[in-house]
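Comments concern the structure below.
The values are calculated or read from the model by the stated rules, or taken from the named source; none is laboratory data. Here the structure is a predicted model, which means the values were calculated and not measured. Positions of Cβ are generated from backbone atoms using ideal geometry, with glycine treated the same way; all protein chains shown enter the neighbour counts.
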Amino acid sequence: MDEIELLQRKLDRERRARKEAESLLEQKSRELFQSNEQQSLLADCLFEQAERIQSILDTAPEAILTLGRDGTIASVNPAAERIFGRPIAALVGSKVSDLIPELQAPDETQRLQAFVAKNHLDARESRARHADGTEFPIELIASELADDYGYTWMLRDVSRRRALEAQLAHALKMESVGALAAGIAHEINTPIQYVGDNTRFLDDAFGDLDALFEAIGKLLEESSGGRVSDDTLAAVRSAADAADLDYLRDEVPQAIRQSLEGTERVAKIVRAMKEFSHPGVEEKTAIDLNRAIESTVTVSRNEWKYVAEVATDLDPDLPLVRCLPGDLNQAVLNLVVNAAHAIEKRREVERNVDQLGHIAVSTRRVGDQVELRVADDGTGIPADVLPRIFDPFFTTKPVGKGTGQGLAITYSVVVEKHGGTIDVETESGRGTTFILRLPL
């Protein structure tokens, strides 16, 4: 093979290699163009998504905060500025404990970690501090960011909702008082009636005694002169016989005692009404739970006295309980009235209206909680109804007998407002026991 042929073959190989290289370059160029186009589209999508997320953050009514592990605020949205009354520049870089007083502690980082762990993805109520120093109720959800970056908080100001709930609760309480008014009037009227009867008796008795006092006065006047006439002595005896002193000696003390009991009964009812219907306070306060229960049982007496006997077993060593007194009174009233209605229904079903049912109200301390039980021997709660008893406006009572709000309010008061629990033990045809537990 001559030299020219070798050169020709070498040239052909180079041409083929060049063609393959050009083809590969063209393919890579197309792939690079497609990749650049995809990256451009992805960048546009990411930009649009970022704008959308930023728009959501900017328009969200809830405050959204990101925090570092040490509780330093990294970012906030405009709602946080409005809710806390502080500019964004002042919020970013500050400590979250400046906004949430309950997080203030010597070791804030550890306190914050425990707080987030306890409230992870679960709405919780707390209190926040405004720029002017006032505190207001909030509801917040805390979650942990990936890669150990920190935390995200979402919170809302529930001041208006709490105010409306308080107004609604007071309105419902007044509705309860209105429903009980006729019974309370009857409860007051009975002791007032025998106080009036006894007072009239004492007035008549004094009229009889007045004649005797006049005769005795004349007797004393004559005796001072050293001589008492037979007519005067006869007049005294006659007045004493007319007054029937033995009878008055037996009846007057009894009339006075009954009158005092009557006035005390009226005073007790008035005190109970005052304690029950008072608007109460927005902050929890320590109260004597036993006394509150006694007042509520007294107020509701006309609801149960014709269908049941109420027995109380209240622990005398029970410590004071921090609660919202008015709300708790309403919750207990709802349970007592429901118990009376259940017993009344059972009596109607069994056509045994002569036998009274039984309602038992008891308190005791269980560890770091106080337990309150309201038990009845009424109809019990059917199994298919039990899951819905705490739903608002759900009722099995006839029209005009119930609104379906009683147990819903009781659940809200015990569980949502006090962090307590409600358990129900029931047996159809045998009765129901509601078990309330409140933290001390």
- Task: Please find, within segment 282-307, the residue that is surrounded by the fewest Cβ atoms within 10 Å (Cβ to Cβ) out of those that are assigned to a loop (DSSP other than H, G, I, E, B) and either within 16 Å of the chain's Cα centre (by Cα) or in contact (Cβ under 8 Å) with a residue 40 or more places away in the chain (or both).
- Result: 283
- Could you grab the pairs with beta carbons closer than 8 Å, sequence gap of 6+ or different chains, first residue in segment 429-440 and in contact (Cβ under 8 Å) with a residue 40 or more places away in the chain, second one basic (Lys, Arg)? 429/346; 433/373; 434/373; 435/373; 436/373; 440/322; 440/365
- Query: Does residue 128 meet the test of being modelled with pLDDT under 80, under 23 Å from the mean Cα position of the chain (by Cα) and either within 21 Å of residue 75 (Cα to Cα) or in a helix (DSSP H, G or I) (or both)?
  - Reply: no
- Message: Checking residue 263 against (1) in the same structural domain as residue 168 (by TED's automatic domain parsing); (2) of a type outside the set (Lys, Arg); (3) free of Cβ contacts under 8 Å to residues at least 40 places away in the same chain, only one condition comes out false. Which one?
- Response: (3)
- Query: What single numbered condition from (1) at pLDDT below 90; (2) within 19 Å of residue 360 (Cβ to Cβ) fails to hold for residue 415?
  - Reply: (2)
- Message: When you scan segment 336-351, do you find a residue that is more than 17 Å from residue 435 (Cα to Cα) and in contact with a Pro (Cβ under 7 Å, 6 or more places away or on another chain), even just one?
- Response: no
- When every residue in segment 39-83 that is part of a helix (DSSP H, G or I) and modelled with pLDDT of 85 or more is compared, the one nearest to the chain's Cα centre (by Cα) is 83
- Could you list, in sequence order, the residues of segment 420-440 that are small (Gly, Ala, Ser) and over 15 Å from residue 359 (Cβ atoms)? 420, 428, 429
